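Working notes, structure below.
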Amino acid sequence: MEATENLLLHSDLLVKPIAFGLGYPDASTFSKAFHRHTGISPQQLSSEGKHRRKVMKKKAVMFDLDGTLLDILEMLNALKARKAKLAILSNKPNPAGAQASITSTGIPKEAWLYVGDTNTDMQTATTAGIFAVGCTWGFRDRDELFASGANAIINHPSELLMLFDHQPSLPLTIQAPPTHSPLC
């Protein structure tokens, strides 16, 4: 039932298609079985999921008031237009994720940029042998990023395009933001 609960919470699927997809003859039979198992109806859980997604959209809009997210999206669109290869990693100091991206593309590590906003990001990049780019609009300041191994510092997302344009075959690794800090 856990997968079904996730579907109801995180998708816009209606109860009826979920019921049929699980092999129930109708939505009513599924709803009764679901309620017996979880203590709530699938409609209630689906409604809760819709509410959560609506709240998260509002949080994203509130987060975006400084314009940084829009600047990052513009930068990513510009990199896409330049046919950049992108990899997004979660916040882990182990360089295995970065190395896996390098291996899967066949592009040498010397041709990559690793963009992040924490000392852990800079250490991950340097441990993996990747050119580390610290971004100051995120979690740490320029001094800490340099002290942690940054090869370059950018103060605005558009500055990443200048680095990329110096070597247009560069793929990029963008560090995924922790949920508590600004994007990058």
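Structure values in brief
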quantity	calculated
When each of K50/K85; K16/K50; K83/K109 is checked by Cα-Cα distance, pairs over 26 Å	K50/K85
Global geometry of region 67-175, whether rounded, prolate or oblate, following the gyration tensor of its Cα atoms and the 1.5 cut on a/c	oblate
Proximal aspartates and glutamates relative to K54, as straight alpha-carbon distance under 19 Å, when same-chain residues fewer than 8 apart are discounted	E5, D12, D64
Packing-based exposure ordering (other Cβ within 10 Å, fewest first) of K80, K85	K80, K85
Charge-dipole axis of region 71-124 as Lys and Arg at +1 and Asp and Glu at -1 on Cβ define it, positive-most pick from L73, S104, A84	S104
N94 paired with K50, simple spin-label distance in nm, labels 7 Å along Cα-to-beta-carbon	4.0 nm
Label-to-label distance, nm, for residues given as A33 and S158 (7 Å Cα→Cβ offset)	5.7 nm
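No value in this document is a laboratory result; all are computed from the given coordinates. Since the structure is predicted, the reported quantities are computational estimates derived from the model, not experimental observations. No Cβ is skipped: glycine too gets one built from the backbone with ideal geometry, and neighbour counts run over all protein chains shown.
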